[in-house]
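The structure under discussion appears below in the form of C-alpha cells.
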Amino acid sequence: MGEAVLLPGSCCHPRGAASGRAEPAGCRMSLTSTAPATSVAQAFFCLLLCIPRGSCCPPSCQCTERAGAKAVLCSSRHLEEIPRDIPRDVVFLKLDANSITRIPGNAFGHLSHLEEIDLSGNAIEKIDGAAFKGVAAGLRSLDLSGNRIRSIPKEALLALKAKLRLANNPWHCECALQEVLWEARLDPDSVRDITCHTAPREEYVGKPLLQVLDAGVNFCSVRQRTTDVAMFVTMFGWFAMVIVYVICYVRHNREDSCRHGHYPSSLPSAPGRADTTSTAL
C-alpha cells in the first residue's frame, strides 16, 4: 500500500489559488508511493526548478501579478527587516505597515526589475548611503512616508530617478535635507508635508520645510558660516599660542642676559693684578 508523501513547499510557496496561476509542475504538492530517497530527490528537483526562475515567494508575503508584472505584497506582516528571499523578477514591492527599522546597504541590489517600493508606515530610522544601489536607474516610485527618519545621506536619494514621498517623518532640517528637496524628484502632493521636527533655530520648528526655504532661509549657508567661525576660532587660538610663546622666549632670554651681565662685577679682583697695582704706586 503506497504511503502519502507531501513534498516540501518551503522553496516554492503554493500561491496558485491566490494569484490565479498554476504552480510549476515540480513545485506542486502531490501524493506518491515512492520511497523516502525518491522524495528527497523530487524535493531537490523542486529547488532546481524554482530558484533559477525566481518564482519563490517569502513565507510571510503574497506573490501575484499586476499588469503582467510580478508583485510581492508584504503589507502588515509584522516584519522587522526587509525579507532576503524576494523573487529576483519582482517589479512591485509593498513592505508598508510593518516594523522595519533600517534599510541596509545594497538591500535591493539583486532586484534588477524593481520599479516601485512602498516602505511607508514602518519604523525606519536609519538609511544607508548605498541602500538603493543597483536599482537607482530603474526605480520609478519610492514611498518612505510615515516613518521615523530624522536625517538621510543625500547620496542615498540624489542618485534616484524615482518619485519620492518623504512626508510625515520627524525631520531635522539641515543642509542635506535641503539639497534633497532641491535636487530630488519629490512627489508634489506630499512635499508640503515635510515638516521641521527639529531645526538649528527654534522659530523653524513645526513649520513645513518648503515654507522655511521660501522665506529665504539657507541651511547650507548656515553650515558654511558655522564652519568658517570654527576655523577662525582655531586659527586665532594658534596665533595666540605663538604670541605667548614668543613673549615668554624673549623674556626668558632677557633675564638670562641680565643675570650674566651682573655676574662678573660681583666677583673679587684677581690677586696678581692687585699686587701689580700696589707696586706701581
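The values are calculated or read from the model by the stated rules, or taken from the named source; none is laboratory data. It should be emphasised that the depicted structure is a prediction, and the values quoted were computed from it without experimental measurement. All Cβ positions, glycine included, derive from the backbone under ideal geometry; neighbour counts span all protein chains shown. All accessible areas refer to the heavy atoms of the entire protein, side chains included, with ligands and DNA or RNA removed. Shrake-Rupley method; radii C 1.70, N 1.55, O 1.52, S 1.80 Å.
Please verify whether THR198 is modelled with pLDDT of 95 or more and of a type in the set (Ser, Thr, Tyr), treating the condition exactly as stated.
yes
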ASP187 vs. criteria modelled with pLDDT of 95 or more and touching a strand residue (DSSP E or B) at 6+ places or on another chain (Cβ under 8 Å): no
Selected residue (criterion: farthest from LEU79 (Cα to Cα)) from residues of the stretch 127-137 that are open to solvent by 40 Å² or more (accessible area, probe 1.4 Å) and out of contact with any Pro (no Cβ under 9 Å at 6 or more places or on another chain): ALA137
Some residue of the stretch 100-113 being open to solvent by 20 Å² or more (accessible area, probe 1.4 Å), under 18 Å from the mean Cα position of the chain (by Cα) and polar (S, T, N, Q): yes
Filter result for the condition that a residue is closer than 13 Å to ILE103 by Cβ, open to solvent by less than 60 Å² (accessible area, probe 1.4 Å) and modelled with pLDDT under 95, over LEU119, LEU157, LEU142: LEU157
Selection count, the stretch 171-194, where residues are within 22 Å of SER141 (Cβ to Cβ) and either touching a residue at least 40 places away in the same chain (Cβ under 8 Å) or open to solvent by 40 Å² or more (accessible area, probe 1.4 Å) (or both): 10
Strands (runs of 3 or more DSSP E) lying entirely in the stretch 57-109 (those with 3 or more residues that are farther than 22 Å from GLY134 by Cβ): 62-66
Check on LEU164, in a strand (DSSP E or B), open to solvent by less than 60 Å² (accessible area, probe 1.4 Å) and out of contact with any Cys (no Cβ under 7 Å at 6 or more places or on another chain): yes
Hits in the stretch 100-156 (condition: of a type in the set (D, E, K, R) and within 28 Å of GLY68 (Cβ to Cβ)): GLU115, GLU116, ASP118, LYS133, ARG140, ASP143
Every residue from the stretch 170-198 that is of a type in the set (Asp, Glu) and assigned to a loop (DSSP other than H, G, I, E, B): GLU174, ASP187, ASP189
Verdict on ILE124 being open to solvent by less than 30 Å² (accessible area, probe 1.4 Å), out of contact with any Asp or Glu (no Cβ under 9 Å at 6 or more places or on another chain) and assigned to a loop (DSSP other than H, G, I, E, B): yes
Filter result for the condition that a residue is at pLDDT 70 or above and more than 25 Å from the chain's Cα centre (by Cα), over VAL250, VAL229: VAL250
